[in-house]
Amino acid sequence: MTQTKLGPPPVESLSDVAWARVERNVLSRATGTITNAAAARDVRHERKHGTWLWLAIPAAAAAAFALAFFSMNGPTQTAETVQPSRFVAGASPSTVSLGDAHITLEANTAVVVDRKAGKPSALLENGAAVFAIAPLGQPFTVLAGDTVVHTVNATVRVGRDGERAKITVQSGSVEILFHGHEINLGAKQSWSSDHPDAVDNGINVDDIQIESKKH
Amino acid sequence: MGTAVAANRSQDLALAQRASEGDRGAQRELFHNLKRAVHHTLFRILGSNRDLEDLIQDAFLEIFRALPSFRGDSSLGRWAQTIATRTAYLSIERRKPAAVDLDLVEDEIVDRDPDAMRVAHAKQAARRLYAALDRIDAKQRIAFALAVMDGLSLGEVAEMTESSLVAVKTRVWRARRELLRRAKKDPVLASYLVDLGGGVA
């Protein structure tokens, strides 16, 4: 055996793909985690001070009764709006309508949609999709690798190839967050993660369709 | 506290606050700032582990959950490492003990290149060390990994494990005694413990 000291075991690095996966999962759940923790703290705070506890108990009982009543007699809309759904388009495009969002998946595209009340979002796993968000609907977020797209009123195509993303706005406006960059895109503008500081102006709206067909 | 340290702390606080308020850019920055420290701590305590990716996620979710309570008493990195240490502890406690004594299985080293031999020996020694660590108390294991293998001071380990200095000292001493006992029938482990400075009673 060699006489050289071996030292502590080296820390094996994680691959870039694994890090990207961890980051995506963590960030997609981060806001909900913080909100839940804050709500739990508020509940603990209320408990600690015992304020309005005598009102809270009958109110909770009434709420539980109402929930049980409606779950037995009505459609199970609550459960439907909480569970994320995964949509996959095979060799041909596919369309999904979810409340205020209308999503057209191009061929070979997979999207996970989380219809959390107040914060609906879609995780584009791969491929490309056109998201049409109604003007008076809820804010909608699209996650594509390291790229996050926020919109309240837009028809926008989001394409993803690994960790690269390309955003093309047909109408309305979107806000893009990417590695600390914040980019605002208006109608007929596009952006790519390959050139995060550049916005491509004056694109032909028909390009969206052309790109869709090319894909 | 020095000026530079105070400035860093106030930056840490500002970043933690923005992230806890839902600023996606801040959350991403925080993740990138802390990922190496969290990964390093988990790896050092647990060794090569197929669940490491999941544990990093668990640690980060716990970090985000606890962000509103970050007061800047320590650096954000050290605070994150404390949470990572707790995540590692819970993971060890959840684990079932291995059915087979794998540290008795000999590796055959066929390459005669000195560098390759050294790497192979290091891997073999590390595997044996973690196999031995798998069999000792979780708190002793963590104290030994951080103090002896990672070279942190006992004070730093006490901070990361939220324990007293005396408790950490005792745990390191007990871990070392237990590892030396196991090393009596394992020369590779014994030699490695001497290399690490963990073999000196």
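Taken together, the values in this text are just the output of simple stated rules run on the coordinates, not laboratory data. What you see is a predicted model, and the numbers here were worked out from it, not measured in a lab. FYI the Cβ positions are ideal-geometry reconstructions off the backbone, even for glycines, and counts take in every protein chain you see.
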Q: Could you tell me the distance between the Cα centroids of the range B:7-57 and the range B:156-179, to the nearest Å?
A: 25 Å
**Q.** Spin-label pair A:L98/B:L13, simplified geometry with 7 Å Cα→Cβ offset, distance in nm
**A.** 4.0 nm
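Quick one: net charge around A:G180, please, counting Lys, Arg +1 and Asp, Glu -1 for every other residue with C-beta under 13 Å from its C-beta.
My count for the surroundings of A:G180 gives -2.
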Q. Assuming R0 = 41 Å, what is the FRET efficiency of B:A120 and A:R86, from their Cβ-Cβ distance, to the nearest 0.05?
A. 0.40
Q | Nearest-20 debye value, the range A:95-204 charge dipole, Cβ charges on Lys, Arg, Asp, Glu | A | 320 debye
Q.
Which one, B:L165, B:Q124, B:I142, is farthest towards the positive end of the dipole of the range B:123-177 when Lys and Arg carry +1 and Asp and Glu -1 on their Cβ?
A. B:Q124
Q) What list do you get for B:D54, B:D73 if you sort them by fewest beta carbons within 10 Å? A) B:D73, B:D54
Q: Per residue, how big is the convex hull around the C-alpha atoms of chain B? Give it to me in cubic angstrom, could you?
A: 150 Å³
Q. For B:R94 and A:S171, what is the calculated FRET efficiency with R₀ set at 60 Å and r taken between the beta-carbons, to the nearest 0.05?
A. 0.75
Q) What are the DSSP H helices in chain B that stretch 15 Å or more along their long axis, judged by alpha-carbon atoms, and whose average Kyte-Doolittle hydropathy comes to at least 0.0? A) B:52-66
Q: Would you mind working out the magnitude of the charge dipole of chain B relative to its Cα centre, with +1 at each Lys and Arg C-beta and -1 at each Asp and Glu C-beta, to the nearest 20 Debye?
A: 540 debye
Q) With each pseudo-label sitting 7 Å past Cα toward Cβ, what's the B:H40-A:A198 distance in nm, one decimal? A) 3.7 nm
**Q.** Separation in nanometres of the label points that stand 7 Å from Cα toward Cβ, at B:W173 and A:K5
**A.** 2.4 nm
